[in-house]
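Quick note: the coordinates plus some simple rules give every number you see, no bench work behind them. These numbers come from a predicted model, not from an experiment. When we count neighbours, we look across all protein chains shown, and the Cβ atoms used for this are built from the backbone with ideal geometry, even at glycine.
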Amino acid sequence: MATQSKPAANPRMSMVSPKGDCVDSLRYPDIADLMSRLHFSPGDGRIWLGDQRMLLMHTGSVGVMRRELIDSLGIDAARGLLTRMGYNSGARDAELARKTRPDSSITEMFAVGPQLHMLEGITVVEPVRLELDVEKGQYYGEFIWKNCAEDEEHIRIYGIGAEPVCWTQIGYASGYTSVFMGRPIVYREVECRALGQSQCRIVGKPVEEWGDEAADDLRFMQAQSFTQGLSAAAIKRDVAADATLAVLGDARASTPTAFGDDNMVGASPGFNAVCHMIRRVANTRATVLFLGESGVGKEVCARTLHRISACSDGPFVAVNCAAIPEALVESELFGVERGGFTDATHSRPGRFERADGGTLFLDEIGILSLTAQGKLLRALQEGEIERIGDTQMRRVNVRVIAATNLDLKDEIRAGRFREDLYFRLNVFPIRVPSLRERREDLPVLLNHMLHKYRERHGRDVTGFTGRALDALLNYGWPGNIREMENLVERGVILAPDGGAIDIGHLFTSGETIDAQMFGLGTNGSLTPSGSLLDQQAGGNGEVERVVRKVNDLLMGASGDIDPTSLDDIETALLKSAVQRAQGNLSAAARTLGITRPQLVYRLKSRGLRV
């Protein structure tokens, strides 16, 4: 982070609000709320921006690091690293934006990103055009960057060149807007001082709207070419291959699996680390052990590993070890000869034989009984199996991938898992992070699943409402990606055609979120009276904020209403919200957490002037 002089005047921006209302000549909000969150703590060697630790660095040292990356890794690898670093930073700042200005208009909330850019000494950001509609997923942003520290250092070292060079900041803008909008947004630098131009200019749009124009930019958002990266499944089937590049392995020529369940989707550091490990081990014969919580996508990782490995032409056979009765484990894995046991009327190959020349995926390996573990160990050690009732050994050429959500070391200590089998499986362990550890991937995954289930069920759902996005981004995800799929599919089914998925369409099965019901206290103010869903422990700070907000609205209502009934309370809230928004119905609706048409209907039904 470097210091930056304050612009002489606040740039103006022409914006379109979430409901399509034009807001001309809107200035940046006062930056005091952001500056108040910046804390220097020299006593313990820390700088904080909100709850994020920051660094104050010389721009020259950042330039040296940039040169070292380019010279040692090559310009493409360096650009990819810096772009993904910027994406991560932008995603974190988007979380800060919603916390800093929760009661502001959507455009003022969005302005946190450009203002943080200036506060952090990166560049001066002048908005040219901003149109956003969170519920419909529509976005167009055009900005001018002046005094950009990144291109200054690049020009100092390399001079004027032939390509734009604000890689970290392009990543930042893409990460910030993707998380803010809840869907993948990609920016491209259409002008750059490193090209000899007077300023830098960027344009951001949803990834599918770029078509093949952003193909080159997209590949720097993903660490490995075999993933869907930022593009997710937002690309329509007719342009998916182009927009996600021709380097996507088996998925590159056509898109029958563009919306499938075996695509690795993400952009977070944890996701990219897993992709790197998969790439490193893919062309070896090593046994791989995927570790991680239930629902994090271990089978998707295993299928991807098979798809890019040397044995990709062979079969991929998946076995859920927890679903096989103990008495049938041996016959399922190794097969049976006719007459091998009662009712064995014909010979049948086991999973090892069926996977010959390919990959055998053993899911939930920690559930196997000790007897089955011993038989599996021999097959792994010797590379040969014997069918039940047979007298000959059969050689099998199988690449084994295992997965478990258990801590196998704890299982060994408890006597439930063989230590020798553990060491046989633990050749190349890969830990798949939980969804809580890769929050930067939430908008990409949500968008991917929205498109998948919208297409599967033939529903015309536009996107997510702002409060639904807030709830999803702050939810704990105990069931990880599997739970996310369930919630999004449920939302797609319940949401109205042509409308957006709201919070009430998602959390209908007792999920724990910060959503409260309120009752009247003895003094007439609202107080928490229980949980709308299962109440989350420790959420009182947010509850108190909501209570204060509603009470303030009630106190701000004109004095001709004494709110003694629910209808009176709602009327007072409506009048106060419109007054505070100075007649701007869209802003008033956002304050109340409802849509503009809903607000208009409520006002008319009470005889209030619209």
- Could you give me the ³J(HN,Hα) list for the stretch 265-271, computed from phi with Karplus coefficients 6.51, -1.76, 1.60 and θ = phi - 60°, whole Hz, x at Gly and Pro? 10, x, 8, 6, x, x, 4
- Please list 81-88, 277-284, 471-478 highest first by mean number of surrounding beta-carbon atoms within 10 Å per residue. 81-88, 471-478, 277-284
- Tyr601 paired with Lys99, simple spin-label distance in nm, labels 7 Å along Cα-to-beta-carbon: 3.6
- Quickly work out the Tyr158-to-Arg53 label distance, labels modelled 7 Å from Cα along the C-beta direction, and quote it in nm with one decimal. 3.1
- Query: So how do Tyr139, Tyr601 line up by other beta-carbon neighbours within 10 Å, fewest first?
  - Reply: Tyr601, Tyr139
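So, with +1 on the Cβ of K and R and -1 on the Cβ of D and E, and no other charges, what is the size of the charge dipole of the stretch 269-435 about its Cα centre, to the nearest 20 debye?
So the magnitude is around 560 debye.
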- Lys/Arg Cβ at +1, Asp/Glu Cβ at -1, dipole of the stretch 269-435 taken about the Cα centre: which of Ala403, Thr391, Leu376 is farthest positive-ward? Ala403
- Task: Please report Asp497, Asp212 as a ranked list, fewest other C-beta atoms within 10 angstrom at the top and most at the bottom.
- Result: Asp497, Asp212
- How much length is gained on full extension from Asp216 to Gln582, taking 0.36 nm per residue of separation minus their Cα-Cα distance? 127.2 nm
- Mind ordering 437-448, 174-185 by average Cβ neighbours within 10 Å, highest first? 174-185, 437-448
- Output the antiparallel fraction of DSSP beta bridges having both residues in the stretch 269-435, as a percent to the nearest 5. 20
- Two-site label geometry, Thr371 and Ser312: point separation in nm, points 7 Å out along Cα→Cβ: 4.1
- Can you figure out the FRET efficiency of Ile388 with Leu73, using R₀ = 51 Å and their beta-carbon distance, to the nearest 0.05? 0.40
- So who's got an amide H within less than 5 Å of the one on Ala318, skipping anything under 5 residues away but keeping other chains? H placed 1.01 Å off N, in plane. Phe361
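For the stretch 269-435, report the translational diffusion coefficient in µm²/s to the nearest whole number, using Stokes-Einstein at 4 °C, 1.567 mPa s, and a Kirkwood Rh over Cα pairs. Before the final figure, lay out each step's value.
On the way: Rh = 16.4 Å.
Calculated translational D: 79 µm²/s.
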- Message: Quick check on the exposure proxy: order Tyr28, Tyr140, Tyr187 from fewest to most C-beta atoms within 10 angstrom.
- Response: Tyr140, Tyr28, Tyr187
- Would you be so kind as to identify which of Gly335, Ile367, Pro269 lies farthest towards the positive end of the dipole of the stretch 269-435, taking Lys and Arg as +1 and Asp and Glu as -1 on Cβ and the Cα centre as origin? Pro269
